[in-house]
Amino acid sequence: MTDWQEAAQRLRERLATRIVGMEEAIEKVLLCILTGNHALLVGVPGLAKTLLVSSVAELLDLSFARIQFTPDLMPTDITGTEVLGEDRTAGTRTFRFLPGPVFANLVLADEINRTPPKTQAALMEAMEERQVTSVGKVYPLPDPFFVLATQNPIEQEGTYPLPVAQLDRFMFRIRIDYPDAATESRVARRLAGRAAEPLKPVLSGEDIARFRKDLAQVEMPDRLRASVVEFVRKTRPDADGGVPTPSYVKEWVAFGAGPRAAQALAIGGRARALLRGRRVVAVEDILALAPDIVRHRLVLNYHASAEGIRGVDVVNRLMEDHFDLAPAAAKKRKRWWHALLPE
């Protein structure tokens with residue numbers, strides 16, 4: 001088994017030459033790429049979201065394309081289009097498909113909420129099916145393929161918010177906040193406008209394929225898997241099958257997370273454990289990933305809006321109750337999952 005812990009450390013060290021802080025965001029972006037999933041990065045302008053994605057692309061020996069989403073962007077500007085070509089030898093004219101920027105291993109969808117729904121939907125087919133359909137013909141996308149999208153949460157005029165059905169296709173919704181004082185001081189010391197040195201690739205497509213094979217060797221205890229499934233089911237106000245739904249979920253949530261949430265927690269937990277040199281998923285892996293995996297899959301009702309409740313607030317409270325994270329309760333008894341925590 002490859003030493004993925006060392007490989008991840010090399011990635012972080014090289015990213016640190018350009019990106020200051022953002023350790024959690026960097027790790028979740030790596031988890032998405034290594035598991036072949038997609039991520040949505042949300043933050044105000046100037047927090048290096050685009051720089052993070054483009055820098056990660058340089059560290060991977062893969063093709064990269066950036067799409068700047070605008071209100072006048074058409075679906076064919078992303079997927080490609082049929083063009084009329086001339087065969088001078090035969091003296092005939094035929095149509096041929098000209099691939100768009102989505103035909104790359106890593107696609108940066110910059111400000112994805114600034115383009116109309118029909119253009120967003122064209123990207124959704126590529127994300128889900130790993131293919132593009134044009135004039136009745138299907139064109140497979142390269143493997144591996146993943147989309148890293150960015151979104152500005154403070155300017156909503158002239159934007160088209162992604163519906164929950166499309167948000168569900170993103171493994172993570174990564175919130176990037178303002179840096180703390182120490183980190184911002186380090187950013188200010190860097191020379192603005194200085195040309196960045198090229199980053200040497202650390203991983204290739206073959207490495208990512210090997211990571212996915214090693215991922216199958218990471219075990220997830222049956223009791224932890226069952227607990228994760230129960231946790232996701234508790235997000236649904238109308239859960240059945242003997243799963244007790246908390247009263248605050250019934251009060252604030254209109255629709256809970258779907259099966260993709262449990263699937264993302266399982267594969268994300270395995271990948272996080274592997275990057276830390278472990279072959280068994282621990283509860284700490286699930287707790288570290290759950291907020292960014294589950295919160296964008298919840299549809300809150302008007303009661304939650306009136307009380308200022310966010311999706312992450314519901315997830316955090318449910319984590320505390322389900323995994324019994326209260327300090328007083330932890331002192332009274334040792335739960336079964338404590339044995340799964342790494343030494």
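Every number here is computed from the coordinates shown, using simple stated rules; none is lab data. Note that the coordinates shown come from a computational prediction; the quantities given were computed from them, not determined experimentally. Please note: Cβ atoms are built from the backbone with ideal geometry, for glycine as well, and neighbour counts cover all protein chains shown.
Measuring between their Cα centroids, region 153-223 and region 74-127 lie 25 Å from each other.
In plain terms, the residue of 154, 112 with the fewest other Cβ atoms within 10 Å comes first and the most crowded comes last, giving 154, 112. Rounded to the nearest 10 degrees, the angle from helix 117-129 to the longest Cα principal axis of the chain is 70 degrees. What translational diffusion coefficient, in µm²/s and rounded to a whole number, does the Stokes-Einstein relation yield for region 1-78 at 25 °C and a viscosity of 0.890 mPa s, taking the hydrodynamic radius as the Kirkwood radius over Cα pairs? For the chosen part, D equals 173 µm²/s. Taking the C-alpha atoms only, the angle from helix 49-58 to the longest principal axis of the chain is near 70 degrees. Summing Cβ point charges (Lys, Arg +1; Asp, Glu -1) relative to the Cα centre of region 63-178 gives a dipole of roughly 260 debye.
Calculate, in whole percent, how much of the Cα-Cα pair population of the chain lies beyond 30 Å. Above the 30 Å cut-off, the chain has 43 percent of its Cα pairs.
Overall, the chain carries a charge dipole of about 660 debye about its Cα centre when +1 sits on the Cβ of Lys and Arg and -1 on the Cβ of Asp and Glu, all other atoms neutral.
Between the residues 41, 21, 11, the greatest Cα displacement towards the positive end of the dipole of region 9-56, with unit charges on the Cβ of Lys, Arg, Asp and Glu, is found for 11. Return the single residue from 266, 306, 239 with maximal mean-square fluctuation; model: Gaussian network over the chain, springs between Cα atoms under 10 Å. In the Gaussian network model the winner is 306. Computed from Cα atoms, the angle from the helix 4-15 axis to the main principal axis of the chain rounds to 60 degrees. Largest GNM mean-square fluctuation among 169, 190, 210, using the chain with Cα springs under 10 Å: 190. Amide H neighbours of residue 132 under 5 Å, at least 5 residues apart or on other chains, H built in the peptide plane: list them. For residue 132, whose amide H was placed from the backbone, the distant partners under 5 Å are 139, 141. A cut-off under 15 angstrom between Cβ atoms defines the neighbours of residue 155, and their net charge, with Lys, Arg +1 and Asp, Glu -1, is -1. Ordering of 26-34, 248-256 by packing is 26-34, 248-256, highest average first (other Cβ atoms within 10 Å, averaged per residue).
For region 218-340, the alpha carbon positions stretch 44, 33, 28 Å along the principal axes, listed from largest to smallest. Comparing 98, 203, 84, which has the greatest mean-square fluctuation in the GNM of the chain with Cα pairs linked when under 10 Å apart? Its mean-square fluctuation being the largest, the pick is 84. Take the Cα of residue 128, step 7 Å toward its Cβ, do the same at residue 280, and the gap between the two points is 3.8 nm. Assuming charge only on the beta carbon of Lys and Arg (+1) and of Asp and Glu (-1), the dipole of region 218-340 about its Cα centre is about 480 debye to the nearest 20.
In the frame of its principal axes, region 160-219 has Cα extents of 44, 36, 26 Å, reported largest first.
Among 322, 38, 296, the ranking by other beta carbons within 10 Å of each residue's beta carbon, starting with the fewest, stands as 322, 38, 296. Only beta bridges with both residues in the chain are counted; by DSSP, about 40 percent of them are antiparallel.
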